[in-house]
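Worksheet: one structure, shown below.
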Amino acid sequence: MASANGVVPYPIESTDGQTTATLKISPNDGSVALGCINTSASSANDILISSIVYYPNTGPSPSPSPSPSPSPSPASSQKIALFSDDGLQIPTGSIVPISPSVYQGLCKGIHADSPTTRNLSVFCFDTSTSNFVSGCKYSVILKAGTKTGGHDHDTATAGTRPLGIIAPEIVTISPQTFTAEGASFSYEATDIAQDVDFEIMGIGSDGRTIPGIKGTFRVMDPASTGFRPIELPGLVMNVQSHPTGIYGTSTFISKLDKALNLYFENPADIDHLSELESQGATLPWGGLFDINRDWLNPHCGHRDGKTIDISINTPLIKLDPLERNALESAISEAGLNFYYAPESPEAKTVPTHWHIQE
Ligand SMILES: [Zn+2]
Ligand SMILES: [Zn+2]
C-alpha cells in the first residue's frame with residue numbers, strides 16, 4: 001500500500017489542499033500511523049502533523065477511499081523581496097555591509113555617539129504576474145553569524161553577544177502586515193564588528209507561509225580591508241585578550257616603524273634599550289575592542305587601525321625614565337600622538353601603558 005519512501009500512493013483528502021499523507025510503521029509493534037506533511041514546508045522542522053489516524057497491526061485493514069481526490073491547489077506563487085535604501089534588490093544569501101556604530105558608553109568625552117543604520121524595504125510579489133501584492137506579512141529575526149571580526153570568544157562565556165537593533169522592534173520584528181507599496185525596517189549595527197545573520201519570514205496574503213529571505217549584516221569597518229598585522233622588529237605584540245587585535249593601517253604602521261627605528265637608534269648615552277611590547281592595537285575588522293571580552297568599552301579608540309598601546313610599566317615590562325624619554329621623543333618625531341593624557345608622559349603616575357594614536 002505504501003511506496004518505498006513512505007508516502008501513501010493513493011489520495012488522502014486534506015483540509016487545506018497543501019498537504020499530502022505520510023505513512024509511518026513503528027519498528028516496535030508494527031503499528032501504522034497516517035499523518036499529513038506540509039509539502040510547501042522548506043525543512044523537516046516545518047512538518048505539520050495535522051491529523052493522525054492510528055490502526056493497530058492486529059486490526060482489520062482500512063479500505064481505501066473510493067472517492068476521487070480533489071486536485072491539490074498549487075503552492076502559493078507569492079514571495080518576499082528585499083531592497084536596500086539605494087533601490088537595489090538584496091537576493092537571499094546576500095552579505096549586507098554596514099560600518100560599526102560608535103557608542104560613547106564609558107568613553108564619554110572621547111567619542112560621541114554615532115550609530116550607523118541601514119534601511120531596508122520589504123515587498124511581497126506574485127511570481128506569476130510580477131506584481132507587488134498587499135496583505136502579506138513579514139517578520140525578521142537576527143542571529144549571531146559565524147564570523148566575529150576578531151572577537152574570538154563566544155557568546156556563552158562572556159554574556160550574550162549584542163546583535164544590533166531592528167526598528168520598529170528590538171531584535172525580532174513580529175509579523176507586520178504591509179501593502180503593495182511595501183514596508184520598511186531599519187537595522188542599527190552594533191559597535192562590535194561581526195556577522196549578524198537575518199531571516200525575513202513571509203506569510204502570503206492567503207495566510208500561507210511563503211519563501212522569505214536570509215542574509216547577513218556584515219558589521220565591519222570598510223577601511224579594515226586595508227588593515228594589516230603589525231609585525232615590526234623590537235615590538236612584541238602580546239595581545240592576550242584578543243590575540244588577533246594586532247592590526248593597523250599601512251600609514252599607521254609606517255609611522256610606528258619610524259618611531260621604533262628612532263627609539264632603537266637613540267643617540268643619547270643609554271647603554272640599554274628594552275624591547276617594546278603592545279597589549280592591543282585594532283581588531284581585524286575594526287569596531288569596538290572590548291578589552292575585557294564583555295562587548296563593552298572602556299578601551300576607547302582602538303577601532304580604526306590608528307591606535308596602539310605600548311607597555312611602560314607592567315609586571316614584565318618596566319621602562320626606566322631614560323627609556324621612556326627616548327620612546328616619547330621617538331613617538332613624537334614619527335608624527336604620532338599621545339592622545340589620552342592619563343596614558344601619556346603627562347600622567348601624574350606612570351601608567352601601565354601609553355596609548356598612542358595617529
Ligand atoms: Zn571581544
Ligand atoms: Zn589604548
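The values are calculated or read from the model by the stated rules, or taken from the named source; none is laboratory data. Bear in mind the structure is a predicted one, so any value in this text is a computation, not a measurement. Quick reminder, even Gly has a Cβ in these numbers, built from the backbone with ideal geometry, and neighbours come from all protein chains shown.
At-a-glance table
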quantity	calculated
Residue match in segment 305-327 (condition: touching a strand residue (DSSP E or B) at 6+ places or on another chain (Cβ under 8 Å) and more than 24 Å from Thr244 (Cα to Cα))	yes
Among the candidates Pro211, Pro243, Pro168, Pro162, residue that is in the same structural domain as Ile95 (by TED's automatic domain parsing) and within 15 Å of ligand 1 (Cβ to nearest atom)	Pro162
Candidates Asp290, Asp294, Asp309 - the one that is surrounded by fewer than 19 Cβ atoms within 10 Å (Cβ to Cβ), closer than 30 Å to Arg218 by Cβ and either in contact (Cβ under 8 Å) with a residue 24 or more places away in the chain or assigned by TED's automatic domain parsing to the domain that holds Gln194 (or both)	Asp294
Output for segment 190-208, where each listed residue is among the hydrophobic types (A, V, I, L, M, F, W, C) and within 16 Å of ligand 1 (Cβ to nearest atom)	Ile192, Ala193, Val196
Hits in segment 324-358 - residues which are within 12 Å of ligand 2 (Cβ to nearest atom) and not in a strand (DSSP E or B)	Tyr339, Tyr340, Pro342, Glu343, Ser344, Pro351, Thr352
Close pairs (6 angstrom Cβ cut-off, 6 or more residues apart or separate chains): touching a residue at least 60 places away in the same chain (Cβ under 8 Å) in segment 119-140, in a loop (DSSP other than H, G, I, E, B) and aliphatic (A, V, I, L, M) anywhere	Cys124/Val133; Val133/Ala180; Ser134/Ala180
Single residue of Thr216, Thr190 found to be more than 16 Å from ligand 2 (Cβ to nearest atom), of a type in the set (Val, Ile, Thr), within 12 Å of the chain's Cα centre (by Cα) and crowded, with 20+ Cβ neighbours inside 10 Å	Thr190
Some residue of segment 273-288 being more than 21 Å from the chain's Cα centre (by Cα), at pLDDT below 90 and more than 16 Å from ligand 2 (Cβ to nearest atom)	yes
Some residue of segment 271-279 being within 16 Å of ligand 1 (Cβ to nearest atom) and either in the same structural domain as Thr160 (by TED's automatic domain parsing) or surrounded by 19 or more Cβ atoms within 10 Å (Cβ to Cβ) (or both)	yes
Index of the failed condition, Asp206 passing every other in (1) in contact (Cβ under 8 Å) with a residue 60 or more places away in the chain; (2) away from ligand 2 (no atom under 16 Å from the Cβ); (3) surrounded by 20 or more Cβ atoms within 10 Å (Cβ to Cβ)	(3)
Residue list for segment 253-272, filter: in contact with a helix residue (DSSP H, G or I) (Cβ under 6 Å, 6 or more places away or on another chain) and assigned to a loop (DSSP other than H, G, I, E, B)	Asn266, Ile270
Strands (runs of 3 or more DSSP E) (entirely within segment 143-192) containing at least 1 residues that are modelled with pLDDT of 90 or more	165-167, 183-188
